[in-house]
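So the structure is just underneath, and the comments pick up after that.
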Amino acid sequence: MSLSSLKTRTLTGIVFIAVMISAILIHPYILTVLFGLIAFSSALEFIKLCNKKSTFSISQELTGLMSVLVFVLICTVGYNVLPDPYLWLLLLVLPIQMGFEMYRKTENSLSNVVGGFFAVAYSTVPFALLSNIRMETIGEVSGAYFLLSYFILIWIHDSGAYLVGSAFGKHRLFERISPKKSWEGLFGGLTLSLFASYFLNDYFQFMPMLNWLLLILIVIITANLGDLAESMLKRNVGVKDSGNILPGHGGLLDRFDAVLYSAPFVFIYLQLI
């Protein structure tokens with residue numbers, strides 16, 4: 001990586017982290033708007049990836065509309081603006097997409113319906129769930145500090161995995177999908193995350209330490225799976241980055257791959273405990 005590219009990547013990373021932390025801490029509605037924009041843009045980015053293959057011609061307009069509606073519905077129910085039964089409306093997403101596809105007269109209708117549905121589920125639902133966590137109280141602590149800790153741990157794990165993997169990585173984690181990732185990087189990132197998680201929970205006291213450590217293991221395992229899953233999608237399409245909206249980092253799917261995969265698991269775990 002050239003010095004110029006490194007500077008661009010570093011500057012983008014600093015601005016990105018500053019925006020995320022500010023949105024999380026200032027007000028839940030600011031975070032909701034930010035996550036809504038990211039979810040919408042991520043869904044469009046995903047279908048642009050799919051449409052690079054001749055087997056897809058997914059409608060950007062319909063997918064964008066479904067992304068907005070699903071995000072707003074989940075958040076309004078999570079904010080107690082609408083009662084829980086309104087979540088049943090989510091069951092209409094697939095029939096609406098199928099009905100729309102009937103009138104497009106394309107030869108790959110099945111691929112379009114499945115791809116559009118998956119784009120919304122994969123790129124939109126996780127951000128809506130994280131927005132709802134911001135409104136909750138985890139233990140006796142605001143969901144804002146939990147979300148901040150969640151992102152910090154993912155960032156620390158990514159950085160630790162990159163540094164340790166670059167220096168000591170010899171054993172490939174999943175070479176068929178991601179040739180550069182190593183077991184050494186995985187355990188390096190995990191170790192740093194566990195150390196950081198201990199101090200975060202000791203300071204904020206979200207939950208009993210055993211529950212917290214189990215949550216961190218869930219976050220790290222699913223975050224790594226998310227990274228690999230997005231690498232699999234890009235490899236299938238034949239691209240290096242999912243987009244170019246973040247200079248030096250690629251697209252939103254590149255930046256949030258761990259979050260998109262891990263957020264549903266984190267949300268479910270919090271409801272269970």
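Values quoted throughout were computed directly from the atomic coordinates according to the rules given, and no laboratory measurement underlies them. All values derive from a computational prediction rather than experimental measurement. So basically every Cβ, Gly included, is an ideal-geometry build from the backbone, and we count neighbours across all protein chains shown.
The distance from the alpha carbon centre of the stretch 36-86 to that of the stretch 189-207 is 33 Å, rounded to a whole number. Based on the convex hull around the alpha carbon atoms, the chain presents an average projected area of 15.2 nm². Considering only alpha-carbon pairs that sit under 8 angstrom and 6 or more positions apart, the relative contact order computed for the chain is 21 percent. Under a Gaussian network description of the chain, with springs only between Cα atoms under 10 Å, the residue in LEU82, LEU253, LEU210 that fluctuates furthest is LEU210. Between THR10 and LEU25, the distance separating the two model label sites (each 7 Å from Cα on the Cα→Cβ line) works out to 2.3 nm.
With helices as the sole contributors, the chain gives -25000 deg cm²/dmol at 222 nm; each DSSP H run of n ≥ 4 counts as -39500 (n - 2.57), and the sum is divided by every residue. Here the label points at LEU94 and ILE17, each 7 Å from Cα along the C-beta direction, are separated by 4.1 nm in the simple model. Once the Cα-Cα distance is subtracted from the 0.36 nm per residue extended length, the LEU163 to LEU37 segment shows a gain of 42.2 nm. Only Cα pairs under 8 Å and 6+ residues apart enter the sum, and on that basis the relative contact order of the stretch 137-273 stands at 21 percent.
Under 5 Å between amide hydrogens, built in the peptide plane, is the criterion, and for GLU136 it picks out GLY143 among residues at least 5 positions away or on other chains.
Residue exposure proxy: THR191, THR63, ordered by other Cβ atoms within 10 angstrom of their Cβ from fewest to most, comes out as THR191, THR63. What shape does the stretch 1-135 have by the C-alpha gyration tensor, where a ≥ b ≥ c are the square roots of the eigenvalues, rounded means a/c under 1.5, and otherwise prolate means a/b greater than b/c and oblate the rest? Oblate shape, in that a/c is at least 1.5 and b/c is the bigger or equal ratio.
Each Lys and Arg adds +1 at its Cβ and each Asp and Glu adds -1 at its Cβ; summed about the Cα centre, the chain shows a dipole of about 880 debye.
Full extension of the chain between THR55 and LEU217 gives 54.6 nm of extra length, using 0.36 nm per residue less the Cα-Cα distance.
Does the stretch 137-273 classify as rounded, prolate or oblate by the C-alpha gyration tensor (a ≥ b ≥ c root eigenvalues; a/c under 1.5 gives rounded; else a/b over b/c gives prolate, otherwise oblate)? Prolate is the answer for the stretch 137-273, as a/c is 1.5 or above and a/b outweighs b/c.
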